[in-house]
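Data block below; observations after.
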Amino acid sequence: MDDEKRTRILRTALEVFIRYGYRRATMNDVARAVGISRPALYLVFANKEALCREATAMALDDKLFEIDAGLEELPTLAEKLRHVFEIWTVQSYELVTRSPDAEE
């Protein structure tokens, strides 16, 4: 499987985990959201834990890249700290609260 398809699976899996939570999300939910069969998903990821671990690692790498990219442009320590806080905390909180199932 090429990197583009794998990345699409990981991004979609992260959305499913955020929406339903780790416990309620199933491999079938992810496969359906991606548009592939569950057996095809198992060919790429051995289980839900491996899929979640890799999707989370990718999301963390994306956040760190976004933080690092913005730091050079900011002149003061206070602005840099606000930038880090905005991306790491505020954006993450807003992502979760936008989920239809967030109230659960």
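The values are calculated or read from the model by the stated rules, or taken from the named source; none is laboratory data. Everything quoted here is computed from the prediction, not taken from an experiment. To get the accessible areas, we keep the full protein, side chains included, count just its heavy atoms, and leave off ligands, DNA and RNA. Shrake-Rupley method; radii C 1.70, N 1.55, O 1.52, S 1.80 Å.
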**Fill in**
Which of (1) 36, 29, 25; (2) 51, 35, 19; (3) 33, 27, 20 gives Cα extents along the principal axes in Å as computed here? It is (2)
**Request:** Take the alpha carbon atoms of the range 44-104, find their radius of gyration, then divide it by 2.2 N^0.38 Å using N residues; give the quotient.
**Result:** 1.43
**Fill in**
Expressed as a whole-number percentage, the relative contact order of the range 22-104 with C-alpha contacts under 8 angstrom and at least six residues apart is 17 percent
**Request:** Check every DSSP H run in the chain and write down those whose alpha carbon atoms cover 18 angstrom or more along the long axis and whose mean Kyte-Doolittle hydropathy is 0.0 or greater.
**Result:** 48-71
**Request:** Kindly report the accessible area of the chain per residue (heavy atoms of protein chains, probe 1.4 Å, no ligands, DNA or RNA), in Å².
**Result:** 70 Å²
